[in-house]
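Take a look at the structure set out below.
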Amino acid sequence: MEVREEASPALAFEKDAFQLTVEDVYDISYVIGRDLLKISSTGEEVSDLQFRIVRVLEMFETLVNKYNLSLEELKMERDNLKSELDRIIKESSTGQGTQTAGPNQLVVDLKDPNRPRFTMQELKEVLQERNQLKAQLMVAQEELQLYKSGILPQAEPAMVEVDLEPPPSADHIPATTDEVKEEKTAISKLFSFRRKRE
Amino acid sequence: LKLQVSELQRQKQELEVHVEEQSRELAAKQTSALAIPKDYLGMLEYKREDESRLVQNIILDLKPKGVVVNMIPGMPAYILFMCVRHADYLNDGAKLKSLMNAIISGVKKVIMDHHKDFEVLSFWLSNTYHLLNCLKQYSGEEEFMKQNTPRQSKNCLQNFDLSEHRQILSDLAIHIYHQFIAVMEKTLTPMIVPGMLVHESLQGISSMKPTGFRKRSGSIYEDSETYTISSILQQLSAFHSTMSQHGMEQGLIRQVVKQLFFLVGATTLNHIMLRKDMCSCRKGMQIRCNISYLEEWLKEKELQTSNAIDTLRPLSQAAWLLQVNKSTDGDAKEITDTCTELNPVQIVKILNSYTPIDDFEKRVSSSFVRKVQSLLQDHEGSTQLMLDTQYHFQVTFPFCPSSQALELLQVPSSLHLGFLTRI
């Protein structure tokens, strides 16, 4: 029956230099120590040699230890950097669909029913028109009132034709209703003057 | 990866520079050593205030594995003794007493802190024994000086008698030994019954349904990890290799092995007493086979003089009893003649428990059992069915002088004992 041999310390001698661990250095120490004993059991002849070998092996232990530690550290760093890199790559690939807006820009969703559609110019024109129409409306209403109350006779339609010219150019649009009111009163003054003449 | 290579290269260069420096230093030391050849006295000087640092570095913090201790396993013992020698040389009783007490407390502490650590226990058992031997060898007492070289006799303690401290140290060694044995027994025990009894390594035997205990629920081994006789042998080899690496005296190793073999034999025998299904001819054969493997192992490790195999005799006889014919008067006589290590209670129990392997074999007849019993009537001795597995042979530490010349010993730097001066 075979009894499996334990890992012999002498196997450390057969390892590749860069694969050595400190444990291997200790195994080497043991084997060399044993071999020295074979030469001289009293140790007289080999004593100096023995301690020089001890010194060399101590240095060897330090080197192997340092080497392995550095290797571990570098591996860890490399792994960290790799995972960082992977993370960054992933982020940038998912981030391409969105655009960031510039400092003075607006992002508009074209499907939004409440999206802005008209320019400022267009808006201005529309408002001006509205104001004119409103003013005309007010004049017409007052006129109607006057007719109703009998101030203005109906037989003199000619007189009635107040010259409601199309409102003057856009420059002179009464921005407020106050100005519209002033026009109105001016007109009514005209009419009252006429009645008196009769 | 480029980065790694350049980093490693840079480090390699650094290390190369370092190595160069070191070898230059070493060369310098050597030349200075050669220039002034000094005749050393084999002592180590230390300052009183450095005593605790000494104990810390050479006892408490010392790892059982390292360059120095692997090359020169007894180094700690020698270093400590060389300090003892110097305190004696100075005729400083207080210093000496303090040192001895510090050493003993230090070893006690390291054992306590690592009471389950097989390696530490082995290491300090070995070194405590070495120190004990040093104290005897250089005590100046005649009986211990017989094998000394003239130089060694000159190095004996001049002023103080340390026999009391030797006694304390000896007791400490016994304590360490028992702790050491306990740890090994704990490791070995779960392997014994599975490896010696249950596992069937013999081929060509009609396999019956394997008896239980191959899988224990919640135990340390899974399905695939059944202990076999190989497991036991491997474990014994591991123990032996560590003890050897620590430079343990052969005599002590032999005592350890004998104790462990006793455990194996007693545990196995007790188990047979309890289990009818272990009492078969086939099991008998398996046991005898395993015993032969253990014997082979002893030969391989050159431990025949340990008499460890004797501790297996009761088991061996029980195994023989299982195999042998048990029907005629002649058989009965043979049994009583052969089974000298088994008491009547045990023999009868085995006979009654005997289980035939197939239908052709018959159980042992009760008349046969009675016949054997009558033959054993006059036997005196134990009526215990089971053996005491906790029985421990008394350990002894016979004097073993060393041929090491103390003057030749240097203190390697990795022990961090720079505060010691080589005298």
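Just so it is clear, none of the values below were taken in a lab; they were calculated from the coordinates. All of these numbers come straight from a predicted model, not from anything done at the bench. Cβ coordinates were reconstructed from backbone atoms using ideal geometry, including for glycine residues, and neighbour counts include every protein chain displayed.
Of note:
- Counting neighbouring beta carbons within 10 Å and listing from fewest to most, the residues B:D359, B:D50 come out as B:D359, B:D50.
- Sequence ranges B:170-176, B:415-421, A:119-125, ranked by mean other-Cβ count within 10 angstrom, highest first: B:170-176, B:415-421, A:119-125
- At an R0 of 30 angstrom, the distance between the Cβ atoms of B:K12 and B:H416 translates into a FRET efficiency of 0.65.
- Counting lysine pairs in segment B:252-397 that sit 8 or more residues apart in sequence, or on different chains, and whose Cα atoms lie under 12 Å apart gives 4.
- On Cα atoms only, tilt of B:118-137 relative to the major axis of chain B in degrees: 60 degrees
- Taking every residue in B:64-76 and counting other chain Cβ atoms within 10 Å of its Cβ, the average works out to 6.
- The modelled label-to-label distance between B:L3 and B:Y391, using points 7 Å beyond Cα along the C-beta direction, is 6.9 nm.
- Per-residue mean of C-beta atoms belonging to partner chains within 10 Å, peptide A:57-69: 4
- Between the Cα long axis of helix B:250-274 and the first principal axis of chain B there is an angle of about 30°, rounded to the nearest 10.
- Reach of B:K154 by Cα under 17 Å, taken over lysines that are not fewer than 8 positions away in the same chain: B:K136, B:K146
- Shape call, segment B:252-397: gyration tensor on alpha carbons, a/c limit 1.5: prolate
- Label zone of B:A94 (point 7 Å out along Cα→Cβ, amide N under 19 Å): in segment B:157-201 this covers B:159-161.
- Förster radius 56 Å - calculated FRET efficiency between A:L69 and B:E164, Cβ distance, rounded to 0.05: 0.75
- Which of B:R151, B:R282, B:R85 has the fewest Cβ neighbours within 10 Å, and the rest in rising order: B:R151, B:R282, B:R85
- When you restrict to C-alpha pairs under 8 Å that are six or more residues apart and normalise by the size of segment B:282-423, the relative contact order lands at 21 percent.
- Cβ-defined net charge surrounding B:E141, 14 Å radius [Lys, Arg +1; Asp, Glu -1]: -1
- Net charge in the neighbourhood of B:V372 (other residues with Cβ under 12 Å of its Cβ; Lys, Arg +1, Asp, Glu -1) is +1.
- Ordering of A:63-72, B:141-150 by packing [mean C-beta count within 10 Å, highest first]: A:63-72, B:141-150
- For residues of A:26-34, the mean tally of beta carbons on other chains within 10 Å: 6
- Estimated distance in nm for a label pair at B:L274 and A:A10, the labels positioned 7 Å out from Cα along Cα-to-Cβ: 4.4 nm
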